[in-house]
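The numbers here are math on the coordinates, done by the rules we state, and not lab data. Small disclaimer: the values here were computed from a predicted structure and weren't measured.
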Amino acid sequence: MDQSTYVMVKPDAVKRGLIGEVVSRFEATGLKIERMEFGFVERAQAEANYAEHVGKSFYDGLIEYITSGPVLKMIVSGPDAVMVCRKLMGATDPREAAPGTIRGDLGLTLDANVVHGSDSEQSAKREIEIFFGK
């Protein structure tokens, strides 16, 4: 079943010049980039996106990091796009991500893990709205 999901190339990857590498990996799987926007995450967007982490020890650092530099925001679509993107990205912690995944090959640390992707269809709808509007 075709679905859309949200993917963001994070500030560490942009700074390291990895946008082309990351985007090409999604395209190589047959997924389609429906929409793409280069820019900064506004603080309100970051707070809305990571609202479930409010009060956790890493929350403030997460907000600071994701708003610290430019990112590439994308809507990616295709059959089972959420699951396909999650598999392609690999485990959140690059040290645990399998070789061949984006984070396994390119990630440096848990914080600087190159890419964010929605973890469910519901999250995808919510995140697309946060970053691209209705």
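Close amide-amide hydrogen proximity is noted between A97 and A91, each under 5 Å apart and 5 or more residues distant or on a separate chain (H modeled in the peptide plane; Pro and chain starts excluded).
Taking N as the residue count of segment 2-132, its C-alpha radius of gyration divided by 2.2 N^0.38 Å amounts to 0.96. In the chain, the calculated helix contribution to ellipticity at 222 nm averages -11000 deg cm²/dmol per residue, counting -39,500 (n - 2.57) for every DSSP H run with n ≥ 4. Length available on full extension from T92 to E34: 0.36 nm per residue minus the Cα-Cα distance, which gives 18.5 nm.
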